[in-house]
Each structure stands twice: as structure tokens, then as C-alpha cells.
Amino acid sequence: MDTTLEDFVRMTAMVHANGKNFEQMYAHFGIDEERWQQIALHWMGQIGNDIEMGQKFQSMMMAEMERISGASPPPR
């Protein structure tokens, strides 16, 4: 998997912060729905099988959502 946990957090937070606007996230990160499904499936499996990773994901998501609420676009 060439998409890092950090990338997945940024993608997920962007979708949640923009009213589930996947198209905007796809365009920003240069992916399509099929690629997103692969990324999400991979990382949700990893997060679901590792309590520490799940906690890290939760913490990172909270921080990213706070960052997004300041209106800065996520890094690529």
C-alpha cells in the first residue's frame, strides 16, 4: 500500500469536513472511487485489527479535523 496512514487520515477528514463530498477529495488527491475503496479497505482493516493503530487514527483524525476547521487545505 503506497498510501500512508497520514494520507488516509487527511482524505477521510476532508470527506467528513465537506459534507461527504467525495468528488472534491478525489480531485484534490488525484484518485478515483475505485482507488479510494482500495485505500479505505486496506486502512480500515489495519485499524480494526490493531488497537494502538485505531487510537492513533482517532487522535490524528481529531487533529486533522481541527486543522481543517481553520480552512487550510490538506497537504498532498
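Rule-based calculations on the coordinates, nothing more; no lab input. All values reported here derive from a predicted model rather than from experimental measurement. Don't worry about glycine lacking a Cβ; one is built from the backbone with ideal geometry, like all the others, and counts go over all protein chains shown.
Worth pointing out:
- Residue order, fewest to most surrounding Cβ atoms within 10 angstrom, among Met61, Met25: Met61, Met25
- Contact order normalised by residue count of the chain, Cα under 8 Å, 6+ apart, percent: 47 percent
- Gain in span if fully extended, Asn21 to Glu52, counting 0.36 nm per residue against the direct Cα distance: 8.3 nm
- Quarter of the Cα convex hull surface for the chain, i.e. its orientation-mean projected area (nm²): 4.7 nm²
- Which of Val15, Val9 has the fewest Cβ neighbours within 10 Å, and the rest in rising order: Val15, Val9
- Each of Arg67, Arg35, Arg10 was scored by other Cβ atoms within 10 Å of its Cβ. Arranged with the fewest first, they read Arg35, Arg67, Arg10.
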